[in-house]
Amino acid sequence: MKRRDLLHGLAAVVPASSVLRHYTALAAPLRKKVKITDLKVMVVGKPGGNTLVRIDTDAGVTGYGEAYWGFGIKDVMLGYLRDTIMGQDPLDIDPLYTQMILRTGGAGAIGGVTITAISGVEIALWDLAGKLLGVPVCKLLGGQYRSGVRAYLTTSPADFLDPASCREWAAMVKEHRYGFEAVKTDIRRAGDPYGLVPADARFNSRQLSLHDLEINTKGFVNVREALGDRFEIAVHCHWELDMSDALNLARAVAPIQPMWLEDPMDPDFSESWVKLTEESPVPILTGENLYTRRGFMPFIVHQGCKIVQIDIPKSGGLLEAKKIADLADIFNIPVSAHNAIGPLGAIASAHCAAAIRDFKAHELALSPSLGPQDSKTHELTWGFYQGDPSLAWEQFVLHDGPLVKDGRIQVPDKPGLGVEPNPDYVRAHLAPGEVWWG
């Protein structure tokens, strides 16, 4: 057997059997005794904002989930997924996931909106299963490696070419009550190096000028000096670059020892990812725009990155993310989590991260604004807020104890996810035209 054939064979054998055996044993006493009676959906924030899911049962127990933001997700849930799960046993999570994939085949069920919608429903099924079985979701996913999942904050200084601006920003980051020890900061572009379109360079050119490289070299040195030697820094690229300039950027920021260079090239796999990973002096990370284990498989099998980053409420849900992580584990590739939605989805994602052995860091994308005294009204995908965004983030859900402490997302030990939508907050932040649970 050729090496490549062997690798493809390994990729097909994703070791989720231990998860399913444990789950099946716990679920056996309730099997076929509970039925799904309804699936309800509502969008928060603004049209195309985050989608909350509720699954009801004839046992009077309800499960909640949250899908990544985007238009059309509610339509997929109500148009395809509701009828698929109605009357079914809610503990048959993997079979129901498979049925939802098949049911949405005509709508393109290999990625995008359909998988995101399925992910939100799958998360609600896990919350429901945990409540029915009386255990936290992370226990059902194979067991809990950690009670707190290391978080990194996505944030950038107002002017990272100005050392004073960086110091002011760094002080707010380090003094934040969540106790962050890691950040992700955007690269900067002076403009399209060829001047083809007078607009945002990220949308028009994949190339960096010498000026761009100079800006990022100086800027990230300022960020490193402001945060100190022990603070972790990720370099955020938003799939902006071609291979040549991704490598140039990696070499430019290497002196600050970033924990990774994130999504430097277009999301689809090519041999260029392998070459970049081999030549880069900085660990290459990708994954926020990949869906299901099949999307991640070539990056893992062919070593197209050093770290995979799964957006769990977007790319297939909790069990699919665990399968991706188990595949990565075979190749000794660590896992991180992208997360740019509300706390319900973030806590669900953290349950999965707690069940992954080689887990590196979990994103918290709260807001560009860090100042608690800021009186301006800002908008996130899950609603408007004033002042400290972390306070609004916490108000979105009902919970016991802190959600984040000492730079770690706290994994609730209550049955299910351990958090639920806060009716008072969510009602006040529904998207225009939305009604409380439909």
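The values are calculated or read from the model by the stated rules, or taken from the named source; none is laboratory data. A quick note: this is a predicted structure, and the numbers were derived from the prediction, not measured. Note that we place each Cβ from the backbone using ideal geometry, even for glycine, and neighbour counts take in every protein chain shown. Areas reflect the complete protein model, heavy atoms only, side chains present, ligands, DNA and RNA absent. Shrake-Rupley method; radii C 1.70, N 1.55, O 1.52, S 1.80 Å.
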Meets criteria (open to solvent by less than 10 Å² (accessible area, probe 1.4 Å) and assigned to a helix (DSSP H, G or I)) for Ala151
no
Output for the range 125-148, where each listed residue is assigned to a loop (DSSP other than H, G, I, E, B), farther than 27 Å from Thr84 by Cβ and either of a type in the set (Val, Ile, Thr) or within 20 Å of the chain's Cα centre (by Cα) (or both)
Gln144, Tyr145, Arg146, Ser147
So if I check each of Thr377, Thr381, which one is open to solvent by less than 30 Å² (accessible area, probe 1.4 Å) and either modelled with pLDDT under 95 or of a type in the set (D, E, K, R) (or both)?
Thr381
Would you mind telling me which numbered condition in (1) at pLDDT below 95; (2) under 23 Å from Val53 (Cβ atoms); (3) part of a strand (DSSP E or B) Ala392 fails?
(3)
Considering only the range 47-54, I want to know if a residue exists there that is touching a Gly at 6+ places or on another chain (Cβ under 7 Å), open to solvent by 70 Å² or more (accessible area, probe 1.4 Å), under 24 Å from Ala321 (Cα atoms) and modelled with pLDDT of 60 or more.
no
Return yes when Ile324 is at pLDDT 95 or above and over 28 Å from Ser156 (Cα atoms) and no when it is not.
yes
Of the residues that sit in the range 403-438 and are part of a strand (DSSP E or B) and either without any contact (Cβ under 8 Å) to a residue 60 or more places away in the chain or of a type in the set (A, V, I, L, M) (or both), which one is most open to solvent (accessible area, probe 1.4 Å)?
Leu430
Which ones in the range 278-312 are surrounded by fewer than 20 Cβ atoms within 10 Å (Cβ to Cβ), charged (D, E, K, R) and closer than 22 Å to Leu364 by Cα?
Lys306
Among (1) part of a helix (DSSP H, G or I); (2) touching a helix residue (DSSP H, G or I) at 6+ places or on another chain (Cβ under 7 Å); (3) surrounded by fewer than 23 Cβ atoms within 10 Å (Cβ to Cβ), where does Arg82 come up short?
(2)
Could you check the range 154-183 and list, in sequence order, the residues that are more than 22 Å from the chain's Cα centre (by Cα), in a loop (DSSP other than H, G, I, E, B) and surrounded by 16 or more Cβ atoms within 10 Å (Cβ to Cβ)?
Pro157, Phe160
When you look at Gln99, is it surrounded by fewer than 20 Cβ atoms within 10 Å (Cβ to Cβ), outside any helix (DSSP H, G or I) and touching a helix residue (DSSP H, G or I) at 6+ places or on another chain (Cβ under 7 Å), yes or no?
no
Taking the residues in the range 231-243 that are farther than 16 Å from Arg189 by Cα and not charged (D, E, K, R) as candidates, determine which candidate is most open to solvent (accessible area, probe 1.4 Å).
Met243
Considering the range 111-141, residues that are surrounded by fewer than 22 Cβ atoms within 10 Å (Cβ to Cβ) and of a type in the set (Gly, Ala, Ser), and then whichever is farthest from Val223 (Cα to Cα), we arrive at Gly134
Inspect all residues belonging to the range 70-78 and state whether any of them is open to solvent by 20 Å² or more (accessible area, probe 1.4 Å), of a type in the set (Phe, Trp, Tyr) and in a helix (DSSP H, G or I).
no
